[in-house]
Amino acid sequence: MKHYDYLVVGAGLFGAVFSHEAVSRGRSCLVIDKRDHIAGNIFTKNVDGINVHVYGAHIFHTSDKRIWEYVNRFAEFNNYVNSPIAAYHDETYNLPFNMNTFSRMWNIRTPEEAEKIIESQRNEYIAGMKKERGLSDDEEFVPANLEEQAISLAGRDIYEKLIKEYTEKQWGRPCTELPAFIIKRLPFRFIYDNNYFNDRYQGIPVGGYTGIVEKLLEGADVRTGENYFDVMNSAGTCHEGVLSDGERFTFSKLLFTGQIDEFYGYKFGPLQYRSVRFETEKLDTDNFQGNAVVNYTSKDVPWTRIIEHKHFEFGKQPVTIISREYSSEWEPGAEPYYPVNDEKNNALYEKYRNLSESDKDVMFGGRLGLYKYYDMDKDIMAALDLVAKELA
Ligand SMILES: Cc1cc2nc3c(=O)[nH]c(=O)nc-3n(C[C@H](O)[C@H](O)[C@H](O)COP(=O)(O)OP(=O)(O)OC[C@H]3O[C@@H](n4cnc5c(N)ncnc54)[C@H](O)[C@@H]3O)c2cc1C
């Protein structure tokens, strides 16, 4: 029977980085994934020469030189810059909020004009709210929900056209029922700059993300279509498993990058997530929307975004592939995408984390194991931190 130093559950980015580092230090790894492919949510699939981001648009961006150099060891990155478009009824705006957005919205040109309009809309709103609440001029207006927070930061026009209905579609409830903390600040740029991210480094791996994970997994044994709970149930002991073809194995330690609540049989109750449903379609046109990402910010359109995958790699194919994204409540069986890190869920996660401390041979990692939204660069950093602790 084969023995592994590590059983890694999840062939996503976290599991792959850990496994790569372990293998390069002479340790043996078996990496399993319940899906029928590697790469987790960064999986890209080549269809008609277009790399489709199957689990949603993924743009690599980081300010950390060490992480940028790390990923560049496994792929060549192009110079894609994320510059989403917002479609509100028949109006089209640039995102993030910058001088292009403001000049389109108010037919103005200078930063001074834009600042003045935003400032006056904010002040008018805050004054009205203070009056409504019987607050004096000296007393501070504290926004009680997301709507109040957003208007007091951005003014009415931007809130109503670009924030309100989009946010309500994303969260499935009115902005007046969402907590203010979701929008801590709004990154306004008073320059003509449509680059969505502020990070120093940005791009898309030429040929897609799956190739990166393939390279990271070199030297490990990898088995897809294997659910940890079936693999372990069939063996019945803690450090022994049996794969679906009957092959038995033992391992010293486990890295689990699936859901921590599921690992513990939902003992304290399930953690909440937001999910996304993708409807992907091939169209017989070479250019559907002229941009990789278009956000639909009005509620009469049921999807939140349309992604046109070819534009991530400046594709020239005669056809195109688009994905409509619909935000939805997560329920068991659906893909858990975004952890809902509110007080209630964070407290529940803490219970699972405390429980996990007593499992000395089990490590948790990744966005599901740590119940935290991680961009790819942060996910890699977290994996390398674990490597530093575990494999020093
Ligand atoms: C819609 C969306 C868009 C995003 N866009 C960006 C972006 O533009 N830029 C960016 O930097 N980041 C983005 N991210 C974040 C990025 O997807 C994550 O950083 C990354 O995928 C995390 O990798 P992971 O290995 O932690 O998790 P995952 O990719 O989820 O990997 C976990 C793996 O574990 C497997 N698994 C779970 N349970 C079991 C089990 N019981 N048995 C076997 N296998 C199991 C799963 O099948 C999965 O493959 C986005 C995320 C989402 C949801």
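Readers should treat all values here as calculations from the given coordinates under stated rules, not as data from a laboratory. This one's a predicted model, so the numbers in the text were calculated from it and none came from an experiment. Cβ: placed from backbone, ideal geometry, glycine included. Neighbour counts: every protein chain shown.
A compact table of results
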| item | result |
| --- | --- |
| Convex hull (Cα only) mean projected area of the chain, reported in nm² to one decimal | 22.3 |
| Projected-area average for the range 85-125 over all orientations - Cα convex hull basis, square nanometres | 3.1 |
| Most fluctuating residue given options R109, R353, R305, as computed from a GNM of the chain linking Cα atoms under 10 Å | R109 |
| Environment charge of D375, counting only residues whose C-beta is closer than 13 Å and scoring Lys/Arg +1, Asp/Glu -1 | -1 |
| 18 Å Cα-Cα reach of K169 towards lysines, excluding residues that sit fewer than 8 places from it in its own chain | K161, K299 |
| Rotationally averaged projected area of the range 1-67 (alpha carbon convex hull; nm²) | 6.6 |
| P(r), alpha carbons of the range 234-332 - 5 Å bins starting at zero, rounded % | 3, 10, 13, 13, 10, 9, 10, 10, 11, 8, 4, 0 |
| Helix-only CD estimate at 222 nm, as mean residue ellipticity for the chain, using -39500 (n - 2.57) per DSSP H run (n ≥ 4) | -9000 deg cm²/dmol |
| Karplus 3J(HN,Hα) series, Hz, for the range 27-32 with 6.51 cos²θ - 1.76 cosθ + 1.60 (x for Gly, Pro) | 8, 9, 9, 10, 10, 10 |
| Euclidean distance of C-alpha centroids, the range 37-54 and the range 320-392, integer Å | 21 |
| Ranked Y93, Y88, criterion: other C-beta atoms within 10 Å, fewest first | Y88, Y93 |
| Alpha carbon Rg of the range 41-170, scaled by the compact-globule rule 2.2 N^0.38 Å | 1.46 |
| Order of W303, W106 under a 10 Å beta carbon neighbour criterion, fewest first | W106, W303 |
| DSSP H segments from the chain that extend 20 Å or more along their own axis, Cα-based, with Kyte-Doolittle mean of 0.0 or above | 376-390 |
| Zero-based 5 Å bins, Cα pair distances in the range 166-282, whole percents | 2, 6, 9, 11, 12, 15, 14, 11, 9, 6, 2, 1, 0 |
| GNM flexibility winner over the chain from F278, F249, F268 (Cα, springs under 10 Å) | F268 |
| Alpha carbon centroid spacing (whole Å) that separates the range 123-174 from the range 236-267 | 48 |
| Over 24 Å (Cα to Cα) - which of K351/K372; K282/K372; K34/K253 fall in this group | K282/K372 |
| 5 Å binning of all Cα-Cα separations within the range 108-182, expressed as whole percents from 0 upward | 3, 16, 22, 23, 17, 12, 6, 1 |
| Cα-centre dipole for the range 108-182 with unit charges at Cβ (Lys and Arg positive, Asp and Glu negative), debye to 20 | 300 |
| Highest-MSF residue in the chain out of G366, G236, G172 [GNM, Cα springs under 10 Å] | G236 |
| Residue exposure sequence - V206, V54, V340 - by fewest surrounding Cβ within 10 Å | V206, V340, V54 |
